[in-house]
């Protein structure tokens, strides 16, 4: 049996969670003060995911970079591949919040979207 300690990010409380795992299955979660903690712990130890935020170079814009994020969470193991594609991206202004910047980042099936407006310079 394996035991892991995590700090929950499911709500502002930041509970210290203790997760017991047996043969890859979560057998118990303790320390949470709300149901979010148990859900977070189970997902974090069996299939960790993250939303990635960054910026891309935008040509001819009123700002030099456009803030972006993955539209939903991606496997934690893909973060470096996702960042490599985001870093390589070069786009043209204008862009609006929600515009798709990369359709299927790193083969995850998740798009990267704009999180701010950038107008033409």
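Here, each number is a calculation from the coordinates, and none is a lab measurement. Please read all numbers here as calculations on a predicted model, not as lab measurements. Cβ placement follows ideal geometry from the backbone for every residue including glycine, while neighbour counts extend to all protein chains displayed.
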**OP:** Could you work out how far apart the two model spin labels at residue 77 and residue 55 are, taking each label as a point 7 Å from the Cα in the direction of the beta carbon, and quote it in nm?
**Re:** 3.2
**OP:** Using only the alpha carbons of the stretch 53-114, determine the length spanned along each of the three principal axes and report them from longest to shortest in whole angstroms.
**Re:** 34, 19, 15
**OP:** Sort all Cα-Cα distances of the stretch 26-80 into consecutive 5 angstrom bins from zero, then give the percent of pairs in each bin up to the one containing the longest distance.
**Re:** 4, 16, 17, 14, 14, 11, 8, 6, 5, 3, 1
**OP:** Return the calculated 222 nm mean residue ellipticity for the chain, to the nearest 500 deg cm²/dmol, obtained by summing -39500 (n - 2.57) across DSSP H runs with n ≥ 4 and dividing by the residue count.
**Re:** -5500 deg cm²/dmol
Subject >> Fluctuation leader among 44, 103, 25 - the chain, Gaussian network, Cα springs under 10 angstrom >> reply: 25
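If you take every DSSP beta bridge whose two residues both sit in the chain, what share of them, in percent to the nearest 5, is antiparallel?
Of those bridges, close to 90 percent are antiparallel.
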Subject >> Cα-only radius of gyration and Dmax that characterise the chain, units Å >> reply: 18.4, 59
**OP:** When you have a sec, figure out the Kirkwood radius of the stretch 2-47 from all distinct Cα pair distances and drop it here in Å to one decimal?
**Re:** 10.2
